[in-house]
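**Q** Shown below is the structure under consideration.
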Amino acid sequence: MVTGRPNIDYPAAETALSVVPFGQDEALTSRVRRVGDNNLHVAVARNDVGEAVHVDRGEFLELSWQADDGFRTVQAVMVDVAADRLWQVRVKGEATHTQRREAVRAPLGLPVRVVFGRTELVGSTVDLSEGGLRCVFRPHGDLGASIPFPKAGQPIGLVLDLYSDQLETQVEFVRRRPRTDSLHEWSLKFTVLPEAATDLIRSHVFTALRNARSRGIVI
């Protein structure tokens, strides 16, 4: 197996990743699918619009993930692409600990859908944290007229497209935000999330913050 302690010296199986190819500023999102004898088998990394990204064999990568004590980072190298299209990535060197980021909110646009009663709204996130999300939904002619708006604390079904995974869960309606157009902007709160889902959200948030910071958006 890969040398070291899982999720301390290297990301364990099913751990969500932030991946930065050497010499690039944009962080990508991926996930460790399994740990082999020498390599991590990693899903093809995707950019912030969900597009698969090509990385050449021999290219160096920086892998970051959420561990129990915060975010950790380790250097790695792209070894090969397996028959199942997973990247084979080999860890190089020791992992380092970076600042813990709990319930940090990042600007991030991901496809989202909510369902309450017989009403369904489709839209995009505006920002995301492991505690909740702010979304903008397309116009719905009956909402606010024959269909009442949800009340604070009302449970709502949510489907969030995280590109490599799809999260289906219940959230609580928090509030509507005023707008001058016909779109609906809502704040929603996560109630109960599996640890794997929380880990994946943290990875997306961490990746978005790194990208925003590299563009001078976040200090």
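**Q** Do we have residue 72 as outside the structural domain of residue 163 (by TED's automatic domain parsing) and farther than 11 Å from residue 17 by Cα here?
**A** no
**Q** When only residues in the range 153-199 that are of a type in the set (Gly, Ala, Ser) and touching a residue at least 60 places away in the same chain (Cβ under 8 Å) count, which is nearest to residue 13 (Cα to Cα)?
**A** This residue is 196.
**Q** Consider residue 162 carefully, then state whether it is over 29 Å from residue 27 (Cα atoms) and aliphatic (A, V, I, L, M).
**A** Against the criterion (over 29 Å from residue 27 (Cα atoms) and aliphatic (A, V, I, L, M)), residue 162 does not qualify.
**Q** Take the conditions hydroxyl-bearing (Ser, Thr, Tyr), in contact with a helix residue (DSSP H, G or I) (Cβ under 7 Å, 6 or more places away or on another chain), in a strand (DSSP E or B) and touching a residue at least 40 places away in the same chain (Cβ under 8 Å) and apply them to residue 30. Does it pass?
**A** Judged against the criteria, residue 30 is not a match.
**Q** Same structure, new question: All but one of (1) under 13 Å from residue 20 (Cα atoms); (2) within 16 Å of the chain's Cα centre (by Cα); (3) not polar (S, T, N, Q) hold for residue 109; state the number of the condition that does not hold.
**A** In the conditions (1) under 13 Å from residue 20 (Cα atoms); (2) within 16 Å of the chain's Cα centre (by Cα); (3) not polar (S, T, N, Q), residue 109 misses (1) alone.
**Q** Another question, then. Which of the residues spanning the range 127-152 are in contact (Cβ under 8 Å) with a residue 24 or more places away in the chain and part of a loop (DSSP other than H, G, I, E, B)?
**A** 129, 130, 131, 138, 139, 140, 149, 150
**Q** Do we have any residue at all in the range 71-92 that's in contact with a helix residue (DSSP H, G or I) (Cβ under 8 Å, 6 or more places away or on another chain), assigned to a strand (DSSP E or B) and charged (D, E, K, R)?
**A** no
**Q** Sticking with this one: Does the range 108-119 hold any residues that are in a strand (DSSP E or B) and either more than 15 Å from residue 154 (Cβ to Cβ) or polar (S, T, N, Q) (or both), and which are they?
**A** Within the range 108-119, 111, 112, 113, 119 qualify.
**Q** Also: Among the residues of the range 107-128, how many are closer than 17 Å to residue 197 by Cα and buried (at least 19 other Cβ atoms within 10 Å of the Cβ)?
**A** The qualifying residues number 5.
**Q** Among the residues of the range 150-170, which ones are modelled with pLDDT under 95 and in contact with a Lys or Arg (Cβ under 7 Å, 6 or more places away or on another chain)?
**A** Passing the criteria: 152, 163, 164.
**Q** Return the only residue of 203, 164, 124 being under 24 Å from the mean Cα position of the chain (by Cα), under 30 Å from residue 19 (Cβ atoms), in a loop (DSSP other than H, G, I, E, B) and not acidic (Asp, Glu).
**A** Checking each option against the conditions leaves just 164.
**Q** Let me ask you something else. Could you list, in sequence order, all residues of the range 33-52 that are modelled with pLDDT of 90 or more, within 29 Å of residue 107 (Cβ to Cβ) and assigned to a loop (DSSP other than H, G, I, E, B)?
**A** Selection gives 43, 44, 45.
**Q** Condition check: modelled with pLDDT of 90 or more, among the hydrophobic types (A, V, I, L, M, F, W, C), surrounded by 19 or more Cβ atoms within 10 Å (Cβ to Cβ) and in a loop (DSSP other than H, G, I, E, B). Does residue 55 satisfy that?
**A** Here the answer is yes, as residue 55 does meet what is asked.
The values are calculated or read from the model by the stated rules, or taken from the named source; none is laboratory data. No experiment lies behind these values; they were computed from the predicted model shown. Cβ: placed from backbone, ideal geometry, glycine included. Neighbour counts: every protein chain shown.
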